[in-house]
1. Determine which single condition Leu271 fails, assuming it passes every other condition in (1) within 14 Å of Gly316 (Cβ to Cβ); (2) buried (at least 24 other Cβ atoms within 10 Å of the Cβ); (3) under 15 Å from the mean Cα position of the chain (by Cα).
2. Looking at region 363-370, can you tell me whether even one residue there is at pLDDT below 95, hydrophobic (A, V, I, L, M, F, W, C) and outside the structural domain of Asp183 (by TED's automatic domain parsing)?
3. Any residue at all in region 4-16 that's in contact with a Phe, Trp or Tyr (Cβ under 6 Å, 6 or more places away or on another chain), farther than 20 Å from Ala412 by Cα and modelled with pLDDT of 95 or more?
4. Just to be sure, is Gly28 on the phi > 0 side of the Ramachandran plot, buried (at least 17 other Cβ atoms within 10 Å of the Cβ) and within 24 Å of the chain's Cα centre (by Cα)?
5. Please verify whether region 73-93 includes one or more residues that are closer than 21 Å to Glu321 by Cβ, in contact (Cβ under 8 Å) with a residue 12 or more places away in the chain, within 16 Å of the ligand (Cβ to nearest atom) and in contact with a helix residue (DSSP H, G or I) (Cβ under 6 Å, 6 or more places away or on another chain).
6. Looking at Phe40 and the list (1) touching a Phe, Trp or Tyr at 6+ places or on another chain (Cβ under 8 Å); (2) exposed (fewer than 13 other Cβ atoms within 10 Å of the Cβ); (3) not β-branched (Val, Ile, Thr), which single condition is not satisfied?
7. Working carefully through the options Asp291, Asp295, Asp281, Asp259, find the one that is loosely packed, with under 15 Cβ neighbours inside 10 Å, away from the ligand (no atom under 16 Å from the Cβ) and at pLDDT 95 or above.
8. For His154, only one of the following conditions fails: (1) in contact (Cβ under 8 Å) with a residue 12 or more places away in the chain; (2) touching a Pro at 6+ places or on another chain (Cβ under 8 Å). What is its number?
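The values are calculated or read from the model by the stated rules, or taken from the named source; none is laboratory data. Note that the structure is a prediction, hence the values are computed from the model and not measured. Cβ: placed from backbone, ideal geometry, glycine included. Neighbour counts: every protein chain shown.
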Amino acid sequence: MSTILEDYISKHPGSAQRYLEASQLFPGGVTHDTRYAQPFPLYMTHGTGPRKWDVDGNEYIDYVSGHGALLLGHSHPAIAEAVSRQITRGTHLGASTDEEMRWARAIKALMPSVEKLRFHSSGTEATLMAMRLARAYTGKDKVIKLQDHFHGWHDYAMAGSDRAAPGIPQATWGSMVVVPAGDLNAVEDALSRDSGIAALILEPTGAHYGQLPFDTPNYLKGLRELTSQHGVVLIFDEVVTGFRASPGGAQELYGVRPDITTLAKIVAGGLPGGAVGGKADIIDMIAHRGDPEWDNTRRVYHPGTFNANPLSAVAGATCLEMVATQPINKQADAMAAKLKAGLNEIFGKMEVAGHAHGIASMVHVVLADCDCGRELCTMSHREIKEATASPAVTAMKRGLQNRGVDIMGRDAFLVSGTHTDGEIGETLEAFEETLAAIRAEGLV
Ligand SMILES: Cc1ncc(COP(=O)(O)O)c(C=O)c1O
């Protein structure tokens with residue numbers, strides 16, 4: 001009988017060939033670190049709804065979901081129609097447009113904490129701008145960041161991640177205060193010790209959209225109180241959770257109002273885009289004050305060639321108007337709940353140590369058991385990270401791909417509003433077979 005790796009190689013000759021060529025073009029052969037895989041990553045050709053196809057003609061149920069951007073699945077007809085229409089009217093008019101106002105109104109309708117906003121091209125830009133706005137607004141330099149929380153790849157965002165940091169000046173990190181996630185005392189200590197703190201930024205459902213969760217409602221409420229007491233700007237990075245944790249994001253789900261929210265992914269309806277929004281007096285740090293156009297000494301400067309570009313604007317507005325008026329989140333959440341229950345049943349039935357946890361349409365698998373309630377996992381972050389690093393998880397990812405299921409990163413299923421009972425059933429079948437194959441190889 002062939003191994004998982006042998007099957008992977010024999011099912012994907014076209015991807016193997018392309019990877020050889022791509023290795024001459026791109027460092028690591030890939031264009032996004034998460035897509036790096038050995039012996040080679042998969043090359044896809046197209047997608048529709050919850051499914052996509054690779055260059056060898058294999059079909060996949062997709063849980064990468066555009067790195068979380070595709071709450072409406074691939075090529076949703078409403079998005080395709082809006083973008084096709086706009087493309088004939090201009091992709092960049094070098095001017096303000098009605099479309100950017102429609103997009104902004106759609107965001108504000110779902111997220112009342114966003115009083116004013118600016119658009120960007122990515123989440124990385126949004127978190128960079130959020131930190132700069134908080135620094136400008138408070139006149140202070142330091143930002144508290146939680147260990148392992150991901151806010152993109154700019155220099156400040158990389159502080160405290162578990163990635164190495166060549167190319168980042170030490171001085172940059174001198175303005176970042178990294179505290180353990182989930183520990184209110186650590187935040188209180190940092191705020192009491194240091195009066196130079198401008199902001200605290202976090203992923204409100206825990207690092208990596210809930211892979212490493214905490215006692216969310218209480219922790220978020222505690223952070224809200226502490227930051228208010230100390231005059232510190234609270235930034236929710238809702239790049240993934242925005243419009244996914246609930247139609248109004250994690251802030252709606254948990255009833256905690258941040259001062260600034262950063263958005264990307266779903267906000268732009270599957271096209272490139274991001275936004276920073278929040279309290280008007282903070283976001284207005286970008287506003288012109290009657291200064292000459294070239295005088296940026298008293299305001300936060302914000303150019304950006306593709307800010308609010310019309311294609312992203314119509315895709316984003318169309319997507320968010322659908323989120324507001326149709327049961328998109330309800331469907332995605334229901335399918336995720338079914339998937340999570342099914343995965344946990346399989347672990348139990350096969351007596352393999354493992355479990356699935358997560359909230360809304362974000363499901364994480366850990367190849368280790370615990371007695372959590374399967375929503376906010378209570379295992380230590382160290383244990384979850386160790387379990388996720390194991391070779392069995394690499395085999396799980398490949399084994400699922402061999403059976404037509406593509407997951408996000410090493411552990412996550414990001415479910416869209418287009419996944420149905422059929423996809424969940426097929427996924428569970430593939431998962432059970434994969435687990436059996438991993439066991440046969442002695443990895444679990
Ligand atoms: C929570 C969070 N913040 C920021 C980012 C960066 O967004 P982008 O990849 O659009 O730069 C990401 C990307 O995955 C993210 O998950």
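1. Result: Leu271 passes all but (2).
2. If we filter region 363-370 for residues that are at pLDDT below 95, which is where we start, we get 369-370.
Now restrict to residues that are hydrophobic (A, V, I, L, M, F, W, C): 370.
Filter once more, keeping what is outside the structural domain of Asp183 (by TED's automatic domain parsing): 370.
Looking for residues that are at pLDDT below 95, hydrophobic (A, V, I, L, M, F, W, C) and outside the structural domain of Asp183 (by TED's automatic domain parsing), one finds at least one in region 363-370, hence yes.
3. Initial filter on region 4-16 (in contact with a Phe, Trp or Tyr (Cβ under 6 Å, 6 or more places away or on another chain)): 15-16.
Subsequent filtering for residues that are farther than 20 Å from Ala412 by Cα retains 15-16.
Of the ones still in play, those that are also modelled with pLDDT of 95 or more are 15-16.
Yes, that holds for at least one residue.
4. Working: on the phi > 0 side of the Ramachandran plot: yes; buried (at least 17 other Cβ atoms within 10 Å of the Cβ): no; within 24 Å of the chain's Cα centre (by Cα): yes.
Considered against the rule, which asks whether it is on the phi > 0 side of the Ramachandran plot, buried (at least 17 other Cβ atoms within 10 Å of the Cβ) and within 24 Å of the chain's Cα centre (by Cα), Gly28 comes out as no.
5. no
6. (2)
7. On the way: Asp291 fails: at pLDDT 95 or above; Asp295 fails: at pLDDT 95 or above; Asp259 fails: loosely packed, with under 15 Cβ neighbours inside 10 Å.
Just a single option satisfies the conditions, and that option is Asp281.
8. Answer for His154: the failing condition is (2).
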